[in-house]
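Chemist: The structure's right below; bear with me while I get my questions together.
Every number here is computed from the coordinates shown, using simple stated rules; none is lab data. All values derive from a computational prediction rather than experimental measurement. Glycine gets a Cβ as well: all are built from the backbone with ideal geometry, and neighbour counts include every protein chain shown.
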Amino acid sequence: MILGASSFAGSLAEIASELHSVELYMPKLGVYQDSVLQKDILGAILDELSTLDLHTSLHAPYFADTPTYPKDVVVDTANMGDVEFRLMGESIELAGELGSKAVVLHPGRINGSHDASFSRMVSNLQSLAKMAEGHGVMLGLENKEGTDPGNMCCEAAELVKAVEAVNSDNLGATFDIGHANLTCAGDIEKVRRFAKELAPYVVHVHVHDNGGVWTDQYDGDEHLAPGAGTVDYTVLNELKGYKGIFNMELFSMEDVLQGKGTVMQALKCSK
């Protein structure tokens with residue numbers, strides 16, 4: 001088992017002291033200014049990373065309409081132009097240079113017709129998968145929370161449909177158990193079926209907690225420490241044969257330490 005945390009949880013040194021992997025969260029790494037990659041800032045981060053014994057994954061830019069998300073790196077995979085392809089390409093190229101385990105992508109947003117949005121997303125993902133193939137990188141398309149009606153690929157079936165439509169050896173799925181919990185309204189048996197359906201496609205895993213219901217804060221997507229909400233992490237044992245990273249998407253090292261024990265205990269149940 002490779003247990004990791006996102007780069008916004010703490011310093012690289014703090015993460016390395018407790019875990020085996022870090023997910024470089026590109027939109028919030030402070031490496032962009034007016035959508036232009038600041039190579040000197042990124043270089044300093046990579047220099048520090050080179051001194052630490054950590055696996056890596058990357059989270060590429062995505063769509064978010066919140067004050068905490070930088071507006072210059074918004075990417076909707078169902079509506080991409082030259083700037084958006086450049087932003088995504090920079091994450092893919094960096095992942096190739098680092099030998100990262102996966103690059104996480106968000107599905108597109110529904111704008112007008114659902115079917116037309118889905119079709120545009122698949123076409124764009126096919127282009128991104130070709131980029132990934134050129135850099136030897138695996139992409140993981142993430143299931144989103146069904147509490148936001150603008151999201152695509154909330155249900156396992158639609159995420160599988162997208163991955164199969166792209167039809168690339170360089171695109172699989174990122175299973176986000178917190179998002180699945182919201183989509184399934186906290187019903188553990190539904191989450192378990194969700195995981196089983198997605199399992200053959202999973203190349204990366206996101207771990208965090210919530211109450212399983214919509215709230216006015218982030219549509220319920222609270223990213224609590226594992227054990228602080230209603231998620232049953234034994235569901236992770238449904239990912240038969242998965243050997244990749246379990247990345248905790250949490251906002252503090254305190255939460256990481258709390259969640260670490262919860263996740264390790266849940267995964268131990270399969271042994």
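Chemist: So what are the ³J(HN,Hα) numbers for the stretch 79-91, from phi and the Karplus equation (6.51, -1.76, 1.60; θ = phi - 60°), rounded to whole Hz, Gly and Pro as x?
Modeler: 8, 10, x, 4, 5, 5, 5, 5, 4, 5, x, 5, 5
Chemist: Under a point spin-label approximation (7 Å from Cα along Cα-to-Cβ), what is the Gln265-Asn79 distance to one decimal in nm?
Modeler: 4.4 nm
Chemist: Provide the packing ranking of 89-96, 162-169, 252-259, i.e. peptides ordered by the mean count of other C-beta atoms within 10 Å per residue, highest first.
Modeler: Packing order, densest peptide first, comes out as 89-96, 252-259, 162-169.
Chemist: In terms of modelled amide H atoms, which long-range or inter-chain residues lie less than 5 Å from the amide H of Ile2?
Modeler: The answer is Phe246.
Chemist: Would you grab the residues whose amide H sits under 5 Å from the one on Tyr25? Only those 5+ places off in sequence or on another chain, please, with H modelled 1.01 Å from N.
Modeler: Hits under the 5 Å cutoff: Ser7, Phe8, His59.
Chemist: If you average the C-alpha positions of the stretch 134-152 and of the stretch 1-57 separately, how far apart do those two centres end up, in angstrom?
Modeler: 21 Å
Chemist: I need the P(r) histogram for the chain: all alpha carbon pairs, bin width 10 Å from 0 out to the longest distance, whole percents.
Modeler: The percentages, shortest bin first, are 7, 32, 40, 20, 2.
Chemist: Hey, what did the stretch 70-180 get for relative contact order, percent, Cα under 8 Å, at least 6 apart?
Modeler: Computed value for the stretch 70-180: 27 percent relative contact order.
Chemist: Quick one: Cα convex hull volume of the stretch 1-53, Å³ per residue?
Modeler: For the stretch 1-53, the hull spanned by Cα atoms encloses 72 Å³ per residue.
Chemist: Also, quick follow-up: Between Leu49 and Ser119, what is 0.36 nm times their sequence separation minus the Cα-Cα distance? Round to one decimal in nm.
Modeler: 21.4 nm
Chemist: Please work out whether the stretch 1-148 counts as rounded, prolate or oblate from its C-alpha gyration tensor, where a ≥ b ≥ c are the square roots of the eigenvalues and a/c under 1.5 means rounded, while otherwise a/b larger than b/c means prolate and anything else oblate?
Modeler: prolate
Chemist: Right, here's the next one. Could you size up the charge dipole of the stretch 1-157 around its Cα centre, putting +1 on the beta carbon of Lys and Arg and -1 on that of Asp and Glu, and report it in debye to the nearest 20?
Modeler: 320 debye
Chemist: Mind putting a number on the dipole of the chain about its Cα centre? Charges go on the C-beta only, +1 for Lys and Arg and -1 for Asp and Glu, and I need it in Debye to the nearest 20.
Modeler: 800 debye
Chemist: Treating the Cα atoms of the stretch 155-227 as identical point scatterers in vacuum, please give the log10 of the normalised Debye intensity I(q)/I(0) at q = 0.19, 0.26, 0.28 Å⁻¹, two decimals.
Modeler: -0.77, -1.16, -1.25
Chemist: Would you work out the Kirkwood radius for the stretch 113-271? I mean one over the mean of 1/r across all pairs of different Cα atoms, in Å.
Modeler: Every distinct Cα pair counted, the radius reaches 16.0 Å.
Chemist: State, as an integer percentage, the relative contact order of the chain based on alpha-carbon contacts under 8 Å between residues 6 or more apart.
Modeler: Computed value for the chain: 18 percent relative contact order.
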